[in-house]
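What follows is calculated from the coordinates using simple rules that are stated; it is not laboratory data. Remember, it's a predicted structure, so these values are computed and weren't measured experimentally. Heads up, the Cβs are rebuilt from the backbone with ideal geometry, glycines too, and the neighbour counts pull from every protein chain shown.
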Amino acid sequence: MSAARESFALCLADIVERELSPDEAVRMLVECAVEVNSKPREFFHLLYDQVPRTRELIEQVEEMNRQLVLGFSECLQSHGFSAEDALLTSRLTVTAVDSQVHRVVLESDSPEELRVRTEAVVRQTRSMIASES
């Protein structure tokens, strides 16, 4: 879990430092989520679907998601979203990407299918953000 937190923190820092557009930031977040959850793929699939979730694990995941929401919200605010719209859009984005990566992308059977599904998540997420701005 700490490796995932660190990867997402580095991703958010890179987004802020490079002043990426929301579209570019979405791509980085989706690709980071896929990478974090793909190594090893079987472990995260098991963790997501079958391991009992202890209070501590739930709190760690929720804290990581809160940090992602706040970081992405700051990115959106820097591109003209109001604080309220940025926070809601960011929560929707983080929740959607998490679900789609675990339920659709990681079920890919080949590297090509993984790439196609990752691109589909990027497109879908970008469309959510575009409709909010």
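General observations
- Backbone phi angles across the stretch 99-112, fed through the Karplus curve with coefficients 6.51, -1.76 and 1.60 (θ = phi - 60°), yield HN-Hα couplings of 5, 5, 5, 6, 9, 10, 5, 6, 8, 5, 9, 8, x, 5 Hz in residue order; Gly and Pro are listed as x.
- CD proxy at 222 nm, helix term only [per DSSP H run n ≥ 4: -39500 (n - 2.57); per residue of the chain; nearest 500]: -27500 deg cm²/dmol
- Across the stretch 88-130 the C-alpha pair distances fall into 10 Å bins from zero in the proportions 30, 51, 17, 1 percent.
- Pairwise label distance in nanometres, residue 7 with residue 66, each label 7 Å out on the Cα-Cβ vector: 2.3
- Between residue 83 and residue 59, the FRET efficiency from the beta-carbon distance, with R0 = 25 Å, is close to 0.45.
- Under conditions of 20 °C and 1.002 mPa s, the chain yields 142 µm² s⁻¹ as its translational diffusion coefficient, taking Rh as the Kirkwood radius over Cα pairs in the Stokes-Einstein equation.
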